[in-house]
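First up is the structure itself, then whatever we jot down about it.
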Amino acid sequence: MIGLRPGRLGRRPAPHLPAPTPPPDPRSRGAGAAVADPDLAAIRAGLLPYRRRLWIRRAVRRAWIVGAVAVGAEIVLWALARVAPLEVAPSVGLAIPVVGVAVLGILAARARPSVGETALALDREAGLRDRTASALALAAEPDLDPGFVARQRTDALHVLRSTAPTVFRPPVPLRTAAATVVGLVLLVPLLLLPNPQDQRIADDRRLREEAALQADKVERIADDLAAKARTPDDPRAQVAQQLKDLAKLLRDHPGDLDAALAKVGSVEGELRAQIDPSTEQRAAALASLSRGLSNAAAGRPDANSAGDPTTAAQDLRDLAARLDNLTPAERKQLADQLAGLQSTARQADGSAGVAAGDAARSLATGDISGAKDALGRLADAVQGADRKVALNRDLTGAAARLQETRRGLANAGRPDLGQAAQSQGTGQGQGAGQSPGTGQGQGTGGSPGTGQGQGTGGSPGTGQGQGAGQSPGTGQGQGQGTGGSPGQGQGSIGGGGSNARYLGSGISGSTGFRGPTSGNRPSVLGADQRTVFAPFDRLGKPGDPSYVAGTGGDGQTTQGNQTGTGTGNPALTPYEQVYADFYDYALTSLDRSYIPLAAKDYVRDYFSSLDPSK
């Protein structure tokens, strides 16, 4: 027969008893009269210190729980931050302890025990057998025997005074504490070791900032184009709307690099398709045409020297108004001048070339009405060509600025693909030689000419001049010789001829040096390196219009030849004085031309290497 162990199978579980109801506080409304008893008042006063200790114990217990939960939340947060780029992780990590403290404050406030709860807890943990709780409960029963109630209160007070004050010692929950300590140990490396997602977060933040910056730039480009648009159908107005849409895309989706680059590339491609690559050539031809038309209309060689198309158009209209007052000889001369400008007009604009030809033929045949109409069409064509040049320059400038936007976005999204550093070196080599510098010039003249030569080196320089014609003319030349220092020659001739200008060329002996040239830039430039040939008074500054004007004819031919000692060249100028002119013109040319970014960077780097302030 199998016996049963009464300790396991024979034991019945104790029935679940409801929690006892805490007795009311004697100072509450229902027991206000009973607090007058000194023993009851002493019992209540004796329970107050235990009440505070019980409250502290409850608060500490909840603090351990809240701390464990907070540590667990931090572990989960920073573990996820190492898997995915959570930019808000630092903010959330700081918010978790703050929220934990707030929750703990609420829980601690709600856990404050009443006097009755303190009495029940003290009876249970100190083994007082419900003496203090019974004393508080009997205070609310006025029908009981006063003698019994007095004896019970005296006994409860005596026991309460003999109870140790350390009954409610704050506990240390082992499981909760162990979980908290283990969590802190795991959290330390998560916080201290480098997070691989930090770089990605930094890249995303940099991309958003760059997208916002480029959106502002694109918005400004759109505003500039919209302000220059003449009609709603103007290509600038349409491009401005596309740029506004692009700016909105950059602001709404700053992190979508691929979409942003695709949109920028699309708008840039449409702009590039509308740009005339020969704009600057047409602009140069238009300036030359405007200058020639104003000269012919006003009869002065210095009229409209800047080559302004608007001024030329007004001069043509004024000329059409006074055609009736011109003599046949003047009309014939005007027809010849317009015929000579027809080729330049065709380069500037096809309709201008047609109008110039019609005006020349009408004037040659005496058709005043047809000449007036042709001059009016020529004026309109000149202004139309000017508007086309302005339109293409605006579109080219917008495309160039979009290039910078595209590069800025690409660099922000891919910082590891930065441009490779480039180094440039300049050097100097000097070869020995004894060949003289020679200069040659050509002009026209009707009287004997004189020649000057200058040079330095092993032998004197020589200069030669030759020309023929009926009005004053000049011929100039420049030569370069090798030896101890450069040799230069210059020849000039005076007499009859035209106003044409020709810059000659000089040829010198070459050296056999094949070594490196200026691997390192010298800290102090010598006198031979600080000056450059920049005859601005004769050739004009960078960006000034270049033109050839004048008439020639048959005349006498003269030659001059003279050998002499070279003298200083006044066209040699310190390059610090002319660097800014060439640099500004280079930047203007970059803005007006749609060229690859690498070429733009190359030009900027080149001029930066020449900066005299560095």
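FYI, it's all coordinate maths here, none of it is from the lab. Remember, predicted model here, so these are calculated numbers, not experimental data. Here Cβ is always computed from backbone atoms with ideal geometry, including for glycine, and neighbour counts include all displayed protein chains.
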Subject >> Proxy reagent accessibility, fewest Cβ within 10 Å first, across Thr344, Thr132, Thr311, Thr365 >> reply: Thr365, Thr311, Thr344, Thr132
Subject >> Rounded to whole Hz, the Karplus (6.51, -1.76, 1.60) HN-Hα couplings of the stretch 107-121, x for glycine and proline >> reply: 5, 5, 5, 6, 8, 5, x, 8, 5, x, 4, 5, 5, 4, 5
**OP:** With 27 Å as the limit, write out which pairs from Lys228/Lys263; Lys217/Lys263; Lys332/Lys388 have Cα-Cα distances beyond it, or answer none.
**Re:** Lys332/Lys388
Subject >> ³J(HN,Hα) computed for each position of the stretch 84-101 - Karplus, 6.51 cos²θ - 1.76 cosθ + 1.60, integer Hz, glycine/proline x >> reply: 10, x, 9, 5, 8, 4, x, 5, 5, x, 6, 6, 4, x, 5, 5, x, 5
**OP:** Per residue of the stretch 125-137, in order, report the coupling 6.51 cos²θ - 1.76 cosθ + 1.60 (Karplus, θ = phi - 60°) as ³J(HN,Hα) in whole Hz, putting x for Gly and Pro.
**Re:** 8, 9, x, 8, 6, 6, 5, 6, 5, 5, 4, 6, 5
Original post:
Can you pull the percent of Cα pairs in the stretch 199-274 with separation above 21 Å?
Top reply: 30 percent
**OP:** Would you mind ranking Phe582, Phe148, Phe168 by Cβ crowding within 10 Å, fewest neighbours first?
**Re:** Phe148, Phe582, Phe168
**OP:** Output the peptides 187-199, 280-292 sorted from most to least packed, where packing is the average of other Cβ atoms within 10 Å over each peptide's residues.
**Re:** 280-292, 187-199
Original post:
If you rank Leu174, Leu409, Leu186 by fewest surrounding Cβ atoms within 10 Å, what's the result?
Top reply: Leu174, Leu186, Leu409
